[in-house]
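**Student:** This is the structure I want to talk about, given as structure tokens.
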Amino acid sequence: MKKSNFLTLDSLSLQDFDENAELIPLMTPEDEEEINNEALPETLPILSLRNTVLFPGVVIPITAGRDKSIKLINDANKGSKIIGVVAQKDESVENPSAKEINEVGTVAKILRVLKMPDGNVTVIIQGKKRFKVAEVITEEPYMNATVRDIPEARPAQKNKEFSAIIDSIKELALNIIKESPNIPSEASFAIKNIESNSFLINFVSSNMNLTVAEKQSLLEIDDLKKRALATLKYMNLELQKLELKNDIQSKVQMDMSQQQREYFLHQQMKTIQEELGGVNHEEEIEEMRERAELKLWDEKVAKHFDKELSKMQRMNPQVAEYSIQRNYLELFLDLPWNEFSQDKFDLKRAKKILDREHFGLEDVKRRIIEYLAVLKLRNDMKSPILCLYGPPGVGKTSLGKSIAEALGREYVRISLGGLRDEAEIRGHRKTYIGAMPGRIIQSLKKAGTSNPVFVLDEIDKLTNSHNGDPSSAMLEVLDPEQNSEFYDNFLEMGYDLSKVMFIATSNSLGSIQPALRDRMEIINVTGYTIEEKVEIAKRHLLPKQLKEHGLNDSHLKIAKPQLEKIVEGYTRESGVRGLEKQIAKMVRHAAKNIAMEEEYNVKVTNEDIIEVLGRPKLERDKYENNNVAGVVTGLAWTSVGGDILFIESILSKGKGLLNITGNLGKVMKESATIAMEYIKANADVFGISNDVFDNYNVHIHVPEGATPKDGPSAGITMLTSLVSLFTQKKVKRNLAMTGEITLRGKVLPVGGIKEKILAAKRAHIKEIILCEENRRDIEEIKEEYLKGLTFHYVTDMSEVIKLAVTNQKVSNAKKL
């Protein structure tokens, strides 16, 4: 059944008749009997309906818009108010003729006429009884026809079959009302209160969801029992349709309700975000999908990304995990998957860049050119892991930048000094709040390519803590056999680092984990000679400082002699960092004079240097007096490169005790003990009385006690100092030595030879004593570095004494 809607006449809609239901009571059997006994007029004005059929006893509202229909209603309303209502065969016909209307219709009584503001007329009519059009008399101004009554066959009052049909109609009507969402539940009360069986049949037939032709066929059935059975058939069909429709809608609603709910919520969220000026969730996901199509990643990564993007799409943007997931996907999109910069294989250009940016460092430059040469020939080579090892200030870090320029690659640098959290290398798992990828992956994202030059600065200063061992995490990064699938905890996938050229820098190899050191190619970056420092200052440091202070070479000029004076008198390091600070002082002095419009020397003189930098601070190392027995110059390697140190020893009355001072480490104290025992064992060889060891205490001291000193380089120096002390003979002038000894007097080789040689040159040493096995180290050093030096290679301590201790007694020699 359908809700009693406004029915249309002349293509005009009508109001719901339920609003007027209280004005027209339901037809009772008495009313029906009275209507059936009324005589039918011979002629009736005929009103044609477009889209409905009027049944006896049923009240419907209609709207008339055609002039003929309006005149008919007005004339009838002034008279008997009785009209004939017939359905059109074709509702699209504007002015139907006698042949275009059905023969069977319903006599209707006009109950109310309402004039509408638009000129149309709304009329409420009630069906009385059926009739048949005998003949159309006139069609103007409206249709009039002669009609005849149609007798209706009614079953007996106590017909059980008919009563069962009526009960079934009522039951089906109530079920249809219950199943149909369009019929108000109040209609069930109307069905229950209908007393007349024929009116029930007509009321149900009028309100069923049938076509005009189907309703007309019901109206034309003369036998009430047959009409009831036909109505029951249509009702069963409609109930089945409703149940099937509701079942389908229920299934669809169950499947779609959650999706619809999410859709509506997303639409509301979208509107709120647009009002607040925020980013639209769907647009953001679509943008990510478009960016992903441009990436060069392989199928495995693409599949993983699509899966994670779908996961994000299902997330509520307000939950905390949403931002983590978005950062995760943005990292995927920002990383340079299989994106590589083109290497430049112009070896002459590369060599020119390295020579321009760095003076000296020939071994390093040669290794880089070799790598470029092999890469040019193979065009498919795993990048090496280089470790530049040397003192501070020699240009290890800046060398990495020059290598990147020579190769035409991007340059990335991270400082590892003091890093003690393993997650800084491998990243955090993205389940943690504030999770981030490791610094390796972050730096590649910043570089924009998968083959940059990657400088790992201060790799020797990685430290352990309760957060893990970062140096162990670096093993996978720096192992050419593993880093093609480097696993970052945040990324949750392997990333290829094999094309990255890693360059590590270190001041000391001792603190680097052995397994990590084994994976790197160590390149020793030694200190600079005085001549090299002067050239570096002239070519790089002075122009750089002038530029940083807003000056140019016309404001300040420092000649080579003055630069050499600064190097010798104010710096003692292997690198040039301290030298740069001294030059910066000279430039600031000039800048101050220019700003204050004061006169100054554009060409710096020695007096200007003393005025700005003060008196030379390091001259004393070059003029140490050796007129005292027991004073020997040694060579040592420190964290800032090579240096000279003095071993002093003295005798005092006592019982043969040995005291050692000077902030010395365990190794140097052991060297002193070994030297003392060796001299006691070979006293006859050196011409020393055994009584000396029982009657005198020996004190060995290394000056500058504030500086910790340790290492196996001072053995022969201490032994020479003690022999000089016991024999009271001078040690040769301008002589230095380095080497370790054994209890048998053998001289052992030591390391850091080049740095020690440079320190000796800075101190104007002329002769150096070394172990025979250190000869190969000297042969690897450029001849220009060795200019002015004489080397003595020894294997036994007796040779050292012959070379170092003269036969000349000191002027104030003690009688032992």
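The values are calculated or read from the model by the stated rules, or taken from the named source; none is laboratory data. Values in this document were obtained by computation on a predicted structure and should not be read as measured data. Cβ sites come from the backbone with ideal geometry, for glycine too, and all protein chains shown count toward neighbours.
**Student:** Condition first: touching a Gly at 6+ places or on another chain (Cβ under 9 Å) and closer than 25 Å to residue 377 by Cα. Now tell me which residues in the range 312-344 satisfy that.
**Tutor:** Those that are touching a Gly at 6+ places or on another chain (Cβ under 9 Å) and closer than 25 Å to residue 377 by Cα: 339, 341, 342, 343, 344.
**Student:** Quick check on residue 178: is it modelled with pLDDT under 85, in the same structural domain as residue 89 (by TED's automatic domain parsing) and either in a helix (DSSP H, G or I) or not aliphatic (A, V, I, L, M) (or both)?
**Tutor:** It is true that residue 178 is modelled with pLDDT under 85, in the same structural domain as residue 89 (by TED's automatic domain parsing) and either in a helix (DSSP H, G or I) or not aliphatic (A, V, I, L, M) (or both).
**Student:** Are any of the residues in the range 397-406 closer than 23 Å to residue 342 by Cα, among the hydrophobic types (A, V, I, L, M, F, W, C), touching a Ser or Thr at 6+ places or on another chain (Cβ under 9 Å) and outside the structural domain of residue 573 (by TED's automatic domain parsing)?
**Tutor:** Checked against the condition, which is being closer than 23 Å to residue 342 by Cα, among the hydrophobic types (A, V, I, L, M, F, W, C), touching a Ser or Thr at 6+ places or on another chain (Cβ under 9 Å) and outside the structural domain of residue 573 (by TED's automatic domain parsing), the range 397-406 yields at least one hit.
**Student:** Moving to a separate point now. Going by the conditions given, is residue 155 outside any strand (DSSP E or B) and either on the phi > 0 side of the Ramachandran plot or surrounded by 15 or more Cβ atoms within 10 Å (Cβ to Cβ) (or both)?
**Tutor:** Criteria met by residue 155.
**Student:** Moving on. If residue 69 meets every condition in (1) free of Cβ contacts under 8 Å to residues at least 24 places away in the same chain; (2) outside any strand (DSSP E or B) apart from one, which number is that one?
**Tutor:** Going through (1) free of Cβ contacts under 8 Å to residues at least 24 places away in the same chain; (2) outside any strand (DSSP E or B) one by one, residue 69 breaks only (1).
**Student:** If a residue has to be of a type in the set (Phe, Trp, Tyr) and in contact with an Asp or Glu (Cβ under 6 Å, 6 or more places away or on another chain) to count, how many in the range 769-799 make the cut?
**Tutor:** Residues flagged as of a type in the set (Phe, Trp, Tyr) and in contact with an Asp or Glu (Cβ under 6 Å, 6 or more places away or on another chain) within the range 769-799 amount to 1.
**Student:** Please report, ordered by residue number, the helices (runs of 4 or more DSSP H) entirely within the range 525-589 with at least 1 residues that are farther than 20 Å from residue 614 by Cα and among the acidic types (Asp, Glu).
**Tutor:** 530-536, 542-548
**Student:** Let me ask something else about it. Among 390, 434, which is the only one that is crowded, with 17+ Cβ neighbours inside 10 Å and modelled with pLDDT under 85?
**Tutor:** Answer to the selection: 390.
**Student:** Follow-up. Anything in the range 170-207 that is among the hydrophobic types (A, V, I, L, M, F, W, C) and farther than 21 Å from residue 28 by Cα? List them, or say none.
**Tutor:** Residues of the range 170-207 that are among the hydrophobic types (A, V, I, L, M, F, W, C), as a first pass: 172-174, 176-177, 183, 187, 189-191, 194, 199-201, 203-204.
Matches in the range 170-207: 172, 176, 177, 183.
**Student:** Inside the range 129-152, can you point out the residues that are part of a strand (DSSP E or B) and over 18 Å from residue 35 (Cα atoms)?
**Tutor:** 133, 134, 135, 136, 137, 138, 144, 145, 146
**Student:** Is there a residue being at positive phi and not hydrophobic (A, V, I, L, M, F, W, C) anywhere in the range 508-531? Let's see the steps before the verdict.
**Tutor:** As a first pass, look at the range 508-531 and keep what is at positive phi: none.
No: zero hits.
**Student:** Against the conditions (1) under 22 Å from residue 391 (Cα atoms); (2) touching a Phe, Trp or Tyr at 6+ places or on another chain (Cβ under 8 Å), where does residue 530 fall short? Just the number, please.
**Tutor:** (2)
**Student:** Quick check: anything in the range 196-203 modelled with pLDDT under 85 and over 30 Å from residue 72 (Cα atoms)?
**Tutor:** Among the residues of the range 196-203, at least one is modelled with pLDDT under 85 and over 30 Å from residue 72 (Cα atoms), which makes the answer yes.
**Student:** Within the range 497-511, track down each residue that is surrounded by 14 or more Cβ atoms within 10 Å (Cβ to Cβ), part of a loop (DSSP other than H, G, I, E, B) and touching a residue at least 60 places away in the same chain (Cβ under 8 Å). It would help to see each step written out before you state the result.
**Tutor:** First, pick out the residues of the range 497-511 that are surrounded by 14 or more Cβ atoms within 10 Å (Cβ to Cβ): 497-507, 509, 511.
Checking the rest, the ones that are also part of a loop (DSSP other than H, G, I, E, B) come to 497-500, 507, 509, 511.
Once the filter is applied, which keeps residues that are surrounded by 14 or more Cβ atoms within 10 Å (Cβ to Cβ), part of a loop (DSSP other than H, G, I, E, B) and touching a residue at least 60 places away in the same chain (Cβ under 8 Å), the range 497-511 yields 498, 499, 500, 507, 509.
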